[in-house]
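We did not get these values from a lab; they are worked out from the coordinates using the rules stated. Everything numeric in this text was worked out from a predicted model, so none of it was measured. Here Cβ is always computed from backbone atoms with ideal geometry, including for glycine, and neighbour counts include all displayed protein chains.
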């Protein structure tokens, strides 16, 4: 087959393939992965982490010696200074000079400030990475909550739809009985009112389902909902054994692995290192410098010598003769180089060093309080979620028992309604009670599943359904 034909076939079938890919239901794992790859806040935090990486690398480069070079070309007029000889040149209209310099410097000791700056930037980098992981965890939990909310609203919609179908059957049956004269027309109106109320409930349930889909799509940074759907896994309610770990056990594991705690610890280490940097300003600073320079001047001349090195005399004046001094020869002859040491001893600087040390101590105390607060907030959060999970499980078990009784009671009421022993009002009351019980059961089910997943996530387990 020719390549052009193959290309045409791919073009024809690609829209269908793309549409299939777009309508494929998203699993929770796919949603989390997509959100972590496309969330703008995560991208911003990644850029901030890269900034911290650059700061850390630069602090290490600061240990290297500096090397700089410079060159200048100058024009002097009148009585000018020849910088190559440091003598004045008279009676010239213009002098051109060139100067070339190179220098290098390195700090030998400055109270270990550069070493401690490297450590501080490293702690800042590690804290930034943990903040990035914390943000990813928060977004993952938000995705899981939004995902479960869709499943919850979907089941509520199914409950509302099933209840409406039952009511519609009763409307048809009541209409036939009214037409036969077995029931008054008011009974039909009452059951039709119940049908209208349940239709409204179904519309509300669909709206809540659509809104929950929109919320998840926005968390995923999708342009529009379109054909976006999620996979519906089989969710069995975990038993109480899943809560076998105590709050303290869960906290002990969470404290060791959760990024918010590690970030606060690294921030404390960074503050302690910042205090060392501030104290280092009290120490003398010793540095070494290397330098080399050369120059050229077009006003400078060179004495003419013979093979023995003696000056060649002018036969008329009997004075030494001179010739132009070439550029490269001047550069070679004017080279100077050397090295030196510089010692700076701080004596008094308007108490700036003491103020910096005091502020650094305050920073350490603040970081200690921040770490303590992070741990306390984490413990309270685990306590709350453990209590919510336990309460949701109790509510689920109670609702499960209540639902069984309500279903049996409704069947009995429905049978009595069918033979005219109860009014439509009593029938609707029993039906509404059954619907509320089913809703309470679903709410308790998803609340328990979510809180349990969060607790398991705190112990290091991945978010999955």
If you line up the long axis of helix 3-23 against the longest principal axis of the chain, both from Cα atoms, how many degrees apart are they, to the nearest 10?
60
Between residue 436 and residue 55, what is the label-point separation in nm under the 7 Å Cα-to-beta-carbon projection?
5.7
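Among 133-139, 337-343, how do they line up by average Cβ neighbours within 10 Å per residue, starting with the highest?
Highest to lowest by the protection proxy: 133-139, 337-343.
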Order 384-392, 237-245 from most to least packed using the mean count of other Cβ atoms within 10 Å.
384-392, 237-245
Rounded to 10°, Cα long-axis angle of helix 247-257 versus longest principal axis of the chain:
30
Evaluated at 25 °C and 0.890 mPa s, the Stokes-Einstein D of the chain based on the Kirkwood radius over Cα pairs, in µm²/s, stands at 77
Spin-label pair residue 145/residue 222, simplified geometry with 7 Å Cα→Cβ offset, distance in nm
2.0
Helix 40-61 sits off the longest principal axis of the Cα atoms of the chain, rounded to the nearest 10 on a 0 to 90 degree scale, by 30
Given the rule -39500 (n - 2.57) for each run of at least 4 DSSP H residues, summed and divided by the residues of the chain, what is its mean residue ellipticity at 222 nm, to the nearest 500 deg cm²/dmol?
-23000 deg cm²/dmol
Highest-first arrangement of 191-204, 368-381, where packing means the average Cβ count within 10 Å:
191-204, 368-381
